[in-house]
Amino acid sequence: MTVTPSPLLSRSGAVPEEGGAVALHYGDPLREQWSLAEGAGLVDRSDRDVLVVPGADRLSWLHSITSQHFEQLGDGAGSEALVLSPNGHVEHHLVVAELGGTTWADVEPGTGAALLASLERMRFMLRVEPQLVTGAWGVLSLVGPQGPAVLATAGLPVPEREYAVAANGAGFVRRMPAIGDGGAVVFDLVVPRPDLAAVADVLLAAGAVVAGSSAFEALRVEARRPRFGVDSDHRTIPNELEWLSTAVHLEKGCYRGQETVARVHNLGRPPRRLVLLHLDGVSEDLPQPGAEVLAGTRAVGRVGTVVRHHELGVVALALVKQSVAPDAALVVGGSTAAIDPDDAPADLDDTRAAARDRIRALRSATIGK
């Protein structure tokens, strides 16, 4: 697949992602994280693939083939949705907007063509016309507690509810759940690709600060918001991630993989759980997604995104077996790791305290590096 560099890579200080089309950072990644957490940062996410589904049957069709209740999706509303395998494994994750008779979906970079092929196979004789339009549309994200003020100053709509969608000329603005510690609100702007630079200029003039993808990723990890294909693998089921609440309608049936989702939900114990890991940060080389999480010599999970956080140090999202104790001594890629105490069950106070002690020891080792 040919990767078209974003026009925002021409900004001063831009350092591109390795092999990517957007900026990893603009010279000061930790300060950029602070901008997202405390102010308003503009993140170029135009490498995400964008699809549109026009057609009179689009909502009933998407309702029948995904995990979400599309028949309840009104104009100006959004959601997340999953396409599952017959065994309930996650095959695609979509962030959706319904606007003006068209359903929009943006997905992980490089996954749009596979999703389109999957949709075409399930199209049958219905009045739907799914199209991959990444070449014409791009995604920018305005992140931070000052985001609403920046949008208002720029003369752009400010959706007040999560997943609410507001038209803006040719594109739209969609409010997403906050990241970081919960104060960094997220507004996705889907704009014509030729207008990316111009829209960015308007938002920066209104008070935003340009920030790279690494800043967004750090706050996303802190919020335990997974990425498809990075924090998930071929065995992932929705019950193991927060997608069970954001992308699955539990009262809806009759979609592929629904039996697995319902059975595991009723049993209340998925095979794995998503946790935040704190790593000692001694090594300059961060573990790669897919690296094993070890308890002694036994593999008990896999890491996904690993980042350097401006306050937490080196942290990662990991899928670990349910049997892993919250205070377990873990190793990832040669680094000592510990599960964040907030990811321990609330009734295990002693275990949570032990986990906090382990994390304090990890941070002391990092400071003394």
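Just so it is clear, none of the values below were taken in a lab; they were calculated from the coordinates. Quick caveat, the model's predicted, so the values are computed rather than measured. We place every Cβ from the backbone using ideal geometry, glycine too, and count neighbours over all the protein chains shown.
With springs only between Cα atoms under 10 Å, which of 222, 98, 18 fluctuates most in a Gaussian network model of the chain? Highest fluctuation of the listed residues: 18. Listed values for the stretch 226-243 are Karplus-derived 3J(HN,Hα) couplings in whole Hz (6.51 cos²θ - 1.76 cosθ + 1.60, θ = phi - 60°), namely x, 10, 4, x, 10, 9, 10, 9, 5, 9, 5, 10, x, 5, 7, 10, 5, 4, and x replaces Gly and Pro.
Using a Gaussian network model of the chain in which every pair of alpha carbons under 10 angstrom is joined by a spring, one finds that among 12, 79, 67 the greatest mean-square fluctuation is at 12.
Near residue 54, once Lys and Arg are set to +1 and Asp and Glu to -1 for all other residues with Cβ below 15 Å from its Cβ, the sum equals -2. Positive end of the charge dipole of the chain (Lys, Arg +1 and Asp, Glu -1 on Cβ, about the Cα centre): tell me which of 122, 70, 246 has its Cα farthest that way. Of 122, 70, 246, it is 122.
Placing one equal scatterer on every Cα of the stretch 230-315 and applying the Debye formula, the log10 ratio I(q)/I(0) at q = 0.17, 0.22 Å⁻¹ is -0.81, -1.10. What whole-number distance in Å separates the alpha-carbon centres of the stretch 226-240 and the stretch 42-60? Measuring centre to centre over Cα atoms gives 21 Å.
Summarised as an ellipsoid, the chain has semi-axes of 33, 27, 17 Å, derived from the eigenvalues of the Cα gyration tensor scaled by 5 and square-rooted, with the largest first. For the chain, no complete DSSP H run has alpha carbons reaching 15 Å or more along its own long axis together with a mean Kyte-Doolittle score of 0.0 or higher.
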